[in-house]
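Below: one structure, written as structure tokens.
The values are calculated or read from the model by the stated rules, or taken from the named source; none is laboratory data. In this text the structure is predicted, and so the values were computed from the model without any measurement. Neighbour counts are summed over all protein chains in view; Cβ atoms, including those assigned to glycine, are modelled from backbone coordinates with ideal geometry.
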Amino acid sequence: GGTTRPTVAVRPHPRPVPAGRRRELLAAPPFGEVFTDHMVTARWSPEEGWHEAVLGPFAPLELSPAAVGLHYGQSVFEGFKAHRRSDDRAAVFRPWDHARRLNASARRMAAPPLPPELFVAAVEVLVRQDMDWVPEGDDRSLYLRPVLFADEPHLALRPARSYLFLLLAFPTGNFFGSESRAVTVAVSEEYVRATPGGTGAAKCGGNYAGSYLAQEEAAGRGADQVVWLDAVERRWVEELGGMNLFFVHGEGERAELVTPPLTGTILPGVTRDTLIALAGDLGMRVTEAPVSLDDWRDGCAAGRITEVFACGTAARVTSVGRVLGRDGEEWTVGDGAPGPVAGRLSALLASVHRGETADRHEWCHVV
Ligand code: COI
């Protein structure tokens, strides 16, 4: 049947942030602290499904203290970006894929899926309305943050019968301050992120809260991010606190990529998928294969592993320079500085975002 385009009602903010203040914020945007003038909301009920999609002022919510999402964590989210182009339009990166992943996460948490057409319509309306908030510059973008959570007030243990979808946006620079710095990572000795059959592949709020303690420990050891090992053998490298990992074997024309396979305990990163495709476009071999912590250490010592980098919407492509392992073991990756393969992929990704390289995979949604 024919699909009708979902409509989002537009109620602009009566007192948006003054242009001078906005320009100050865009000059040095902190991560996720200062939001744009607007947000989109939509509601779900069993009778009406998704309804009441509205763009309005970014403002506090009215929420029952008994909302299920607060108590039992029935809440999923996404993260993706819009990039300003030289023609002053914004290219949103892979919104349809983020809509699909949000629904995969919702399904795991027994929450209703949001029609991807509504998701993308919300993105278009918000980016259009807050276009002045999309920063200029290669390392700047507008971060889009949808969240879908249970707002029904009831504390019985069953999926809620009322949900709220919100789409927020904030201008951002680089997650780690600078992409020209290689980060240090630390293996968690005590904690695990995900177990087989658990929620590791879902982007649910609890996965992130569950990583804070280990992330704090890693920070206490002087690291930027925690490294998660698999829960069963405590041997296989899965991902970092909020991003996927790639290992580079060999150098120059011979460089190959290895990244852990999506076995259900790893977040299926859209940037991960993007880099697999871009590396393929560059003629590089990419293998999805398990990497053990011992392989990582020994590969670096023998020079087989020449680079390691993290990737995610927030982190983009960030080299890992040093690893704090278990039992006091530490090692350096390559010479400890950002490597050429990470640099090449990062530059290629940025040029796809900017529309300077042909978008052969049709990832960019220009608004
Ligand atoms: C992202 O890479 O954007 C994420 O969602 C991870 C984290 C910063 C929440």
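Where residues in the range 81-120 are of a type in the set (Asp, Glu) and in a loop (DSSP other than H, G, I, E, B), which of them is farthest from PRO6 (Cα to Cα)? It would help to see each step written out before you state the result.
Pass one, the range 81-120, residues of a type in the set (Asp, Glu): 87-88, 97, 117.
So of that shortlist, the ones also in a loop (DSSP other than H, G, I, E, B) come out as 87-88.
On the way: ASP87: 27, ASP88: 26 Å.
Only one residue fits best here, namely ASP87.
Checking the condition in contact with a helix residue (DSSP H, G or I) (Cβ under 6 Å, 6 or more places away or on another chain), at pLDDT 95 or above and within 27 Å of HIS353 (Cβ to Cβ), which residue from ALA99, ALA104, ALA19 passes? Break it down stepwise before answering.
Values: ALA104 fails: in contact with a helix residue (DSSP H, G or I) (Cβ under 6 Å, 6 or more places away or on another chain); ALA19 fails: in contact with a helix residue (DSSP H, G or I) (Cβ under 6 Å, 6 or more places away or on another chain).
Of ALA99, ALA104, ALA19, the one residue that is in contact with a helix residue (DSSP H, G or I) (Cβ under 6 Å, 6 or more places away or on another chain), at pLDDT 95 or above and within 27 Å of HIS353 (Cβ to Cβ) is ALA99.
If I go through the range 254-287 residue by residue, how many of them are modelled with pLDDT of 95 or more and either within 16 Å of MET243 (Cα to Cα) or part of a helix (DSSP H, G or I) (or both)?
23
Among the residues of the range 122-163, how many are of a type in the set (A, V, I, L, M), touching a residue at least 12 places away in the same chain (Cβ under 8 Å) and surrounded by fewer than 20 Cβ atoms within 10 Å (Cβ to Cβ)? Quick ask: steps written out before the conclusion?
Going through the range 122-163, the residues of a type in the set (A, V, I, L, M) turn out to be 122-123, 125-127, 131, 134, 142, 144, 147-148, 150, 155-157, 160.
After this cut, where a residue has to be touching a residue at least 12 places away in the same chain (Cβ under 8 Å) as well, the list is 122-123, 125-127, 131, 134, 142, 144, 147-148, 150, 155, 157, 160.
So of that shortlist, the ones also surrounded by fewer than 20 Cβ atoms within 10 Å (Cβ to Cβ) come out as 131, 147, 155, 157.
Count: 4.
If you check ARG234, ARG193, which single one turns out to be within 14 Å of the ligand (Cβ to nearest atom), touching a residue at least 40 places away in the same chain (Cβ under 8 Å), charged (D, E, K, R) and not in a strand (DSSP E or B)?
Working: ARG234 fails: within 14 Å of the ligand (Cβ to nearest atom).
Sole residue among the options that is within 14 Å of the ligand (Cβ to nearest atom), touching a residue at least 40 places away in the same chain (Cβ under 8 Å), charged (D, E, K, R) and not in a strand (DSSP E or B): ARG193.
Only one of these conditions is not met by GLU124: (1) within 16 Å of the ligand (Cβ to nearest atom); (2) closer than 20 Å to THR313 by Cβ. Which number is it?
Against the list (1) within 16 Å of the ligand (Cβ to nearest atom); (2) closer than 20 Å to THR313 by Cβ, GLU124 comes up short only on (1).
Please list, ordered by first then second residue, the pairs with beta carbon atoms under 6 Å, 6 or more apart or interchain, first in the range 307-324 and more than 16 Å from the ligand (Cβ to nearest atom), second among the basic types (Lys, Arg).
Filtered contacts from the range 307-324: LEU324/ARG221.
Select, from ALA169, ALA218, ALA223, ALA186, the only residue that is of a type in the set (A, V, I, L, M, F, W, C), surrounded by 24 or more Cβ atoms within 10 Å (Cβ to Cβ) and more than 29 Å from ARG100 (Cα to Cα). So that I can check it myself, show each step before the final result.
Details: ALA169 fails: more than 29 Å from ARG100 (Cα to Cα); ALA218 fails: surrounded by 24 or more Cβ atoms within 10 Å (Cβ to Cβ); ALA223 fails: surrounded by 24 or more Cβ atoms within 10 Å (Cβ to Cβ).
Just a single option satisfies the conditions, and that option is ALA186.
Run down ALA67, ALA82, ALA91, ALA42 and say which single residue is within 16 Å of the ligand (Cβ to nearest atom) and surrounded by 15 or more Cβ atoms within 10 Å (Cβ to Cβ). Quick ask: steps written out before the conclusion?
Working: ALA67 fails: within 16 Å of the ligand (Cβ to nearest atom); ALA91 fails: within 16 Å of the ligand (Cβ to nearest atom); ALA42 fails: within 16 Å of the ligand (Cβ to nearest atom).
Among ALA67, ALA82, ALA91, ALA42, only ALA82 is within 16 Å of the ligand (Cβ to nearest atom) and surrounded by 15 or more Cβ atoms within 10 Å (Cβ to Cβ).
Condition test on ARG316, is it under 18 Å from the mean Cα position of the chain (by Cα) and of a type in the set (D, E, K, R)?
yes
For the range 253-291, how many residues meet the condition of being touching a residue at least 40 places away in the same chain (Cβ under 8 Å), within 16 Å of the ligand (Cβ to nearest atom) and hydroxyl-bearing (Ser, Thr, Tyr)?
Final tally of qualifying residues: 2.
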